[in-house]
Amino acid sequence: MKRHFDDELKKLKDKLFRMGLQAETAVAKASEALFERDSKKAEEIIKGDQEINLCEIEIDELGHELIALYQPTAVDLRFITMVLKINSDLERVGDQAVNIAEKAIEINQEPPMKPYVDLPKCAETVRTMVREALDAFMKRDPVKAREILEKDDVIDGINDKVYKDLQKLMMEKPESVRQGVALIMVSHNLERVADLATNIAEDVIYLSRGIDVRHHIRERREKEEKV
Amino acid sequence: MKIKVENLDFYYGDFRALKEISLAIQPNRVTAIIGPSGCGKSTFLRCLNRMNDLIEGVKIQGRIVIDGQDILRSGADLIHLRKKVGMVFQRPNPFPLSIFENVAFGLKLHDRPPSNQIEEIIERSLKAVNLWDELKDLLEESALRLSLEQQQRLCIARLLAVSPEVLLMDEPCSALDPVATLRIEELIHEMKRNYTIVIVTHNMQQAARISDETAYFYLGELVEFGATEQLFTKPSKKETEDYITGRFG
């Protein structure tokens, strides 16, 4: 039976997807601002963050209204609560994009200390993770969501490598410390975006299957039951 | 606005059941009336088509203006009023007649159209309540053989046949199971495109699901009236919040 509640749920879903695209674009453009040394682009990202923040407020309000008015249960309840969580994560993705943009403006004031090799790869992978997490959410695809969880380890690995390479470079060339530290922070920002994409993927699995895969809780519970 | 209620007072003998009620009901919206038992919800509803006139010893003061006409003025045409403002009750009450005759009953009383028009109107009315496909080949069967949900839909179709503008519903789903209730709620949602609906319900969650505006009554007074999403997320009165959160009532 068609429910008019389904139209409201679709509205909420579409709003979240649009916000997600904005956040994904913000991360991509902030990274470009760094790699292309385009501080103007970086400034646009910083200004544009307010729109993402307003979306977060709208989605929160709509989600709370739907809970109050429709008393959803089962999959509908999981859907709305996961939307509210993903909403918060996407807003933080936007904040991380702002952090990257601010660092880009700072770094662009000096000549580059070395060509960017690992960071662009990292940025592209992270951007893809956010997009794939959004796609998995739109299609309620737990299989696609699982694939994103596996990519998070790759990003952690790149982040470690970037840290070690920059550390070595800063020790060899002390004049590069300022830029080096800024780039370490950018790498950390990208790693945080990957974590947020992973959170979204975990929420998609919970939404689709009702199984909570956060913090390896299932394995821990199974272990406790065996003891 | 469709209905304007101004300073309405209602008495059962010496007992003041409604105290200075004022509110405006908008056209093509669903307005829900909620509140604990005995707060005056059904009394208020029955004022809107003067069904309370049938009770001995009642007194009413104030104004109820529907489409610019005060229905409480002396000389008001009550038959025309009750055709324009129809009512559905808690327990479905089909007549002990065929499905066809149930829907045709009001038509034959009021308008007396030619028989081919009656058939058209019956088909349209049954379609409006999503009963036509189920019952088109059973129109001569007794209405009492239908399920409770079907009977309630039939009662609504019976109203629609005489082209009302306002539908008053006094706990229309109380006698129905949850799935039947959901189907009636979806029907109400569809019908508001063409009718103004005022519904009394004990079920707050139902009020939240289906109404555009909600009025909270307590001990004969209107405590709060406003947009349903506002009332159920950020009510402006503590008494309203206590009621809808179950801390009271």
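The values are calculated or read from the model by the stated rules, or taken from the named source; none is laboratory data. None of the values given here were measured: they were computed from a predicted structure. Methodologically, a virtual Cβ is constructed for each residue, glycine included, from the backbone with ideal geometry; neighbour enumeration extends over all protein chains shown.
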* Asked: Among all residue pairs at least 6 apart or on different chains, which show Cβ distances below 7 Å where the first residue, located in the stretch A:1-16, is more than 14 Å from chain B (Cβ to nearest Cβ) and surrounded by 12 or more Cβ atoms within 10 Å (Cβ to Cβ) and the second is among the acidic types (Asp, Glu) and in a helix (DSSP H, G or I)?
  -> A:LYS15/A:GLU58
* If B:LYS41 passes every condition in (1) buried (at least 18 other Cβ atoms within 10 Å of the Cβ); (2) modelled with pLDDT under 95; (3) charged (D, E, K, R) but one, which one does it miss? -> (2)
* Asked: Out of (1) under 14 Å from the mean Cα position of the chain (by Cα); (2) modelled with pLDDT of 95 or more; (3) β-branched (Val, Ile, Thr), the odd one out for B:ILE184 is which?
  -> (2)
* Structure fact -> Within the stretch B:209-239, the residues that are free of Cβ contacts under 8 Å to residues at least 40 places away in the same chain and within 13 Å of chain A (Cβ to nearest Cβ) are B:ARG209, B:ALA227, B:GLU229, B:GLN230, B:LEU231, B:PHE232, B:THR233, B:LYS234, B:PRO235
* Asked: Hey, among A:ILE80, A:ILE57, A:ILE45, which residue is in contact with a Gly (Cβ under 8 Å, 6 or more places away or on another chain), among the aliphatic types (A, V, I, L, M) and either in contact (Cβ under 8 Å) with a residue 24 or more places away in the chain or away from chain B (no Cβ under 13 Å) (or both)?
  -> A:ILE80
* Regarding A:LEU69, is this residue in contact (Cβ under 8 Å) with a residue 40 or more places away in the chain, surrounded by 15 or more Cβ atoms within 10 Å (Cβ to Cβ), touching an Asp or Glu at 6+ places or on another chain (Cβ under 8 Å) and within 14 Å of another protein chain (Cβ to nearest Cβ)? -> no
* So which of B:SER125, B:SER142 is among the small types (Gly, Ala, Ser) and surrounded by fewer than 17 Cβ atoms within 10 Å (Cβ to Cβ)? -> B:SER142
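Quick one: which residue in B:GLY106, B:GLY86 is in contact (Cβ under 8 Å) with a residue 24 or more places away in the chain and in contact with a strand residue (DSSP E or B) (Cβ under 6 Å, 6 or more places away or on another chain)?
Just one listed residue meets the conditions, B:GLY86.
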* Pairs where the first residue, in the stretch A:104-125, is modelled with pLDDT under 95 and the second is not in a helix (DSSP H, G or I), C-beta under 6 Å, 6+ apart -> A:ASN108/A:ARG37
